[in-house]
Each structure stands twice: as C-alpha cells, then as structure tokens.
Amino acid sequence: APIISLGCDPMTVNFQNESTAASNASYLWSFSDGTSSTLENPVHVFSPSGIYNYTLTINTTSKCIDTSQIVSVSSITVNPSPIANFVASPLVTTIFDPDIFFFNTSPTSNIITWFYDFDDGTGSNDVNPIHTYATWGDYYVTQTVTNTYACSNSISILVKILPEFRFWIPNAFTPGN
C-alpha cells in the first residue's frame, strides 16, 4: 500500500509490500500510467496530474507455489502544481536607487497565495510588491506560489544592488595652501 494517496504533480509515492510468503517471491507492480516495477518496495513518480491506480502481483517460487493478485481499491490522486514565475525591474541598480519592482508572471489561474523572500530577512505576500534594499549586495529573490490544491512551486532570480561612491574634486587650487 502507498504511504500517501494525495499529492502534487510530480508526486513521489513509496510503495510498501505488506504481504508475506513462506518462500521466495517475485513481485510485479503495475501502475495505470503504463509503467511497472519488479522491486518489492518500489518508489514511483506520478505525473502529470490525474487519478492513478496500481496492482501488485506476487508469485511464490517454491514450497506452496501460488500466484495471487492484490488489486488496490484506493486511488492515487495527483493534483496540478502551479508554476511560479516573476520578473524584477531593474535587475541591477545602485544603493542610491535601491527600489526594485517585482511583477508576477505566473501562468496558473488557480493561485491563491504569493510570497516573495527578498533574501534580506524580509518578505511580502503582495502579488506585485515593491522592495527597497537597505544595503548593497547580491540578493536571490524567491517567489513561492500556492494554488487551491495546496500545491506550491518556487523560483528564484538574482537582483544586484551595487555600491556607489561619489567623489568631489575641487575645481580650483590655491598655491601654498
């Protein structure tokens, strides 16, 4: 039986064979996505989203030779995952103009929450936030989106805040001073 039966695309399921046999046995897990496994306890990735089923066929090879098939009546539901995507403007600026505008470009319509981690200890739940950086440096900004199925997805981009130095050079000199 699988440990979990509901998840997000792609969904990794750890199957555990709970049957016993008095002798050596062979296993055939058949998944409704057209794949199979001969491992006793396989790990399988289900994608795309949908409802999947599986069967397990066990054959014993000695003593009380038997072929029995165990059919799962529970299904595995793989819910769609959202696609995180955003742009920042500008990607490179200086500490004298440290305002960065973030624009959500996620194509999924069923997103219900957005979170931006600005990599400076702060974040925002706005869909299209504006952030002002206090110090110069490289910041990996991460957007995490969550849809109505409680599935989430994240993506990061690099924003650079450059130091800027200003020098005032005198335009006149006085001899001796």
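The values are calculated or read from the model by the stated rules, or taken from the named source; none is laboratory data. From a predicted model like this one, the values you see are computed outputs, not experimental measurements. When we count neighbours, we look across all protein chains shown, and the Cβ atoms used for this are built from the backbone with ideal geometry, even at glycine. These accessible areas exclude ligands, DNA and RNA; they are computed on the full protein's heavy atoms, side chains included. Shrake-Rupley method; radii C 1.70, N 1.55, O 1.52, S 1.80 Å.
For this structure, a couple of remarks:
- Annotation: per residue accessible area for segment 11-52 equals 57 Å², rounded to a whole number [probe 1.4 Å, protein chains only].
- Taken over the chain, the alpha-carbon convex hull comes to 181 cubic angstrom per residue.
- Separation between Cα centres of segment 138-167 and segment 74-128, rounded to whole Å: 7
- With distances taken between every two different alpha-carbon atoms, segment 8-53 has a Kirkwood hydrodynamic radius of 11.8 Å.
- Environment charge of residue 119, counting only residues whose C-beta is closer than 14 Å and scoring Lys/Arg +1, Asp/Glu -1: -2
- Computed FRET value (nearest 0.05) for residue 148 with residue 169, which takes r as the C-beta separation and R₀ as 35 Å: 0.05
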